[in-house]
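K.L.:
Below you will find the structure I want to go over with you.
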Amino acid sequence: MPEGRGDDHGGRPAGLSATWFYATIAVGGVGLTMTAPITALFAKALGASDWMAALVVSTISISFLPVDLVGSRVVPRLDARTALVGGYAMFGVGSFISALAPNLVVMALARLLQGAAVAFPMGAGFHLALRLAAPGREGRELARFNTYIFMGFAGGPLVVGLVADMAGGTTGLRWGFAVCGLVNLAAALMARLALPSIPSVERPSFGLPGRAAFAGRRTRKALLAAGLGFGLRGIAALTLLPLLGDDIGVGPGTVAIATLFMALTELGGIALSGRLADHHGRRPVIAVSSVMTTLTLLVMIVQPTVVSYLALSAVLGFAISALRVVPAAVVVDVAEDSEAAGIGWRLSCDANSLATALLISAAFALGGLHGGFVYAAAASALIGWLALSIGETLPRGGRRTEPAAGPDGAGSTAGPAVVTPTTD
């Protein structure tokens, strides 16, 4: 693997191997995402209705948001190895608590713990990837970072789905969470043994983000579109697909295959949409993706069968990928600078993930499963409208490598590569 040097981001830490770092990120990616197909199903097994299951799935965002809100200058400035070890270990403990949960309340509390935990490995991993990057190649390194995480998302849910199917019933779902806990502890041990201590050159400091992250009307619209795309992808994989699978009578293994299909086509869609957005503009890519996603979500609930469920899950992954990736590039294009873009993007993703989950819970309560899918389709259409109202933001001559000043200035190489997969 090529191992560059990113002096603009603090320099490559002494003794840090890119090979071991990305191996750790891949194992951690498996652990953070592997219970995606069974979380809503386990909530229902503990007595939740569809809307309550969606609400329990969303509790992970309740604790994730405050960490990002007041700790945007804390997590990246901790010793990176400590953040990785502590985050993975805490997430694993949350999985074990869920596996033993006697009721829905305990499961929800465990997910609150996991929400706080996931902020640490994601924040530390993101900034370590930047420090590995050669100058001017930050976008490529971030794409590499996200590729390893998505490798985990592709494989982890399938493993847990098969475990849950083999054991059967609620017991199988509990075993799935236990396996998730073991994988996260393995990732924590791997980080502790394979990575050097990586202290930050800056002291951690608590505080709210500055106004620069939200300056400018186009910036605020772009942040809303990016947050909606992130939240929409989360409810599609964690709530809509599992509950639709349950509605048509398939088991956790088939739900896991559906999420696997979605993840695989999404990975291809991320790469394609990023290139298209850089060469042909952000607006047309988002608009086409919005139409495709809206139609796919509506078609999925028209007399679904197992075959159509699996096939349309794959179509959905490809269609929705651009809604999650390209609006992030729009944020970078119009933000004051790359730091403001990053802070605003993370907070918008956190807030919209929580809001989207709460709103889809209300949609389930009012209109059942069909209501949830209709709400998701409406959110997809709204992202397309926002892109049209913002206008084209691609800098002339393609994406720049340095951020430009001003609330409507151009962004950095972070562009479409700055994406983080939704955790389970």
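K.L.:
Quick one: order Glu266, Glu392 by neighbouring beta-carbon count within 10 Å, fewest to most.
P.N.:
Glu392, Glu266
K.L.:
Now a separate question. If I take R0 = 25 Å and measure r between the Cβ atoms of Ala167 and Ile248 in this structure, what FRET efficiency does the formula 1/(1 + (r/R0)^6) give, to the nearest 0.05?
P.N.:
So, using R0 = 25 Å, E works out to roughly 0.70.
K.L.:
Follow-up question, since we're still on this one. From the phi of every residue in region 366-375, what ³J(HN,Hα) in whole Hz does the Karplus formula 6.51 cos²θ - 1.76 cosθ + 1.60 yield, where θ is phi - 60° and glycine or proline is x?
P.N.:
8, x, x, 4, 4, x, x, 5, 5, 4
K.L.:
Using 0.36 nm per residue, how much length does the chain from Val307 to Ala365 gain when fully extended, once their Cα-Cα distance is taken away?
P.N.:
18.1 nm
K.L.:
Ranking His370, His127 by Cβ neighbours within 10 Å, fewest first, what do you get?
P.N.:
Result, fewest neighbours first: His370, His127.
K.L.:
Given a Förster distance of 22 Å, report the FRET efficiency between Arg211 and Val70 from their Cβ-Cβ distance, rounded to the nearest 0.05.
P.N.:
0.90
K.L.:
Same structure, new question: Please give, to one decimal in nm, the separation of the simple spin-label points placed at Ala378 and Val299, each 7 Å out from Cα toward the Cβ.
P.N.:
Once both label points are built, they end up 2.3 nm from each other.
K.L.:
Compute the Cα gyration tensor for region 24-96, then decide on rounded, prolate or oblate, letting a ≥ b ≥ c be the square roots of its eigenvalues: rounded whenever a/c is under 1.5, prolate when a/b is larger than b/c in the other cases, and oblate in all that remain.
P.N.:
oblate
K.L.:
Rank the residues Arg283, Arg111, Arg203 as a footprinting-exposure proxy: fewest other Cβ atoms within 10 Å of their Cβ go first.
P.N.:
Fewest-to-most Cβ neighbours within 10 Å comes out as Arg203, Arg283, Arg111.
K.L.:
Let me ask something else about it. Quick check on region 212-261: take the gyration tensor over C-alpha atoms, sort the square-rooted eigenvalues as a ≥ b ≥ c, and tell me if it's rounded (a/c under 1.5), prolate or oblate.
P.N.:
prolate
K.L.:
Still on this model: Would you mind classifying region 185-318 by shape? Square roots of the alpha carbon gyration tensor eigenvalues, ordered a ≥ b ≥ c; an a/c under 1.5 is rounded, otherwise it is prolate if a/b is larger than b/c and oblate if not.
P.N.:
Because a/c hits 1.5 or more and a/b fails to exceed b/c, region 185-318 counts as oblate.
Bear in mind these aren't lab numbers, they're just calculated from the coordinates by the rules spelled out. Remember, predicted model here, so these are calculated numbers, not experimental data. Neighbour counts are summed over all protein chains in view; Cβ atoms, including those assigned to glycine, are modelled from backbone coordinates with ideal geometry.
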